[in-house]
Amino acid sequence: MKQTTLWARMLRLTAILALTVTSAANARLPVFEALDSASGHPTRFAQCPQFFVDGKPPAIPASPKLRELCYEAFAILHSGETRTPVYVAQRLNRQTIEDADEKRATKFFADARLPRGERAELEDYKRSGYSRGHMAPAGDMPTPTAMAQSFSLANMVPQDIQHNGGAWAKIEQDTRRYIRRAKGDVFVITGPVFTPESPRIGNNGVGVPAYLFKLVYDQHDNRAWAHWQENREGERVGRPITYEELVKRTGVEFLPRLVVSQLN
DNA sequence: CGGCGGGCAATG
DNA sequence: CATTGCCCGCCG
């Protein structure tokens, strides 16, 4: 008898703990609440044009489950269909990289700004065999708030564990190394690519991308290139592809045409 | 080789 | 939640 009582207590405690966890995670991110209450709806890119070249976000065909989310140091176009980002945009420069020395705060959380029917939950990734792979990397974040926000699952895709810690991590570090030596702003857009055969994980069916890309545009030098990686173990860092090739493969024009016409 | 940076899971 | 220990790959 005593044992069942103990079990009941522990279960209750666990439930309370889970609730506390959720609210505490959100409470620690006051920026989210401020943006939400101010607008009354999920944030729009109009509120954070600074992350896009000439303030112009890439045009994506309309879809009911696409949502635009602004964060302190990046912006996300999120898909409620795959429950992942479509792309994540950043504007970086030497200064932001020098500021990116925050201690890594590994606290992943489901993004409360997204409806439950559209977002990934921690449970979806747990024991899925895939890691939670940042699109905007934690290592890029210039402030503690930005660091915390980067752990939103809205910024994640299910990524092969070896790829995430291997070739992909190297690409992230190479990109930071490049920006550290850049003369002006560098715009980076990172995202997943799915195929009809792409698997899904968890009760919510979070999409597992077949490929990941990272587009880098150096505004000062008018140069752009992209890394294109298969989301698999054993993938190596290859030679970057051209912007045109990226557009061909994704069907998305990420940069304003005027800018593209002037690329070196 | 050790340090670092990308993660994971178990425990209180 | 926080803490801890662990894995792995890359780099100097």
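Descriptive notes on the structure:
- Considering the range A:51-66, and only residues there that are in contact with a strand residue (DSSP E or B) (Cβ under 9 Å, 6 or more places away or on another chain) and surrounded by fewer than 23 Cβ atoms within 10 Å (Cβ to Cβ), the residue that is farthest from A:V208 (Cα to Cα) turns out to be A:V53.
- Scanning the range A:215-241 for residues that are farther than 19 Å from A:P137 by Cα, surrounded by fewer than 16 Cβ atoms within 10 Å (Cβ to Cβ) and in contact (Cβ under 8 Å) with a residue 12 or more places away in the chain yields A:H220, A:D221, A:N222, A:R223, A:E233, A:G234.
- Cβ pairs under 9 Å, 6+ apart, first in the range A:159-170 and surrounded by fewer than 20 Cβ atoms within 10 Å (Cβ to Cβ), second part of a helix (DSSP H, G or I): A:A169/A:G139; A:A169/A:H163
- For the range A:192-238, a residue qualifies if it is over 18 Å from the mean Cα position of the chain (by Cα), of a type in the set (G, A, S) and in a loop (DSSP other than H, G, I, E, B), and the qualifying residues are A:S198, A:G202, A:G234, A:G238.
- Just one of (1) part of a helix (DSSP H, G or I); (2) at pLDDT 50 or above fails for A:Y87. It is (1).
- Counting the residues of the range A:114-145 that are surrounded by 18 or more Cβ atoms within 10 Å (Cβ to Cβ) and more than 16 Å from DNA strand C (Cβ to nearest atom) gives 7.
- Residue satisfying condition, being closer than 15 Å to A:E72 by Cβ and within 13 Å of DNA strand B (Cβ to nearest atom), within set A:F151, A:F108: A:F151
- The numbered conditions (1) in contact with a Ser or Thr (Cβ under 9 Å, 6 or more places away or on another chain); (2) at pLDDT 90 or above are all true for A:S63 except (2).
The values are calculated or read from the model by the stated rules, or taken from the named source; none is laboratory data. What you are looking at is a predicted structure, and each value in this text was computed from that prediction instead of being measured. Here the Cβ is made from the backbone with ideal geometry for all residues, glycine too, and neighbour counts use every protein chain on show.
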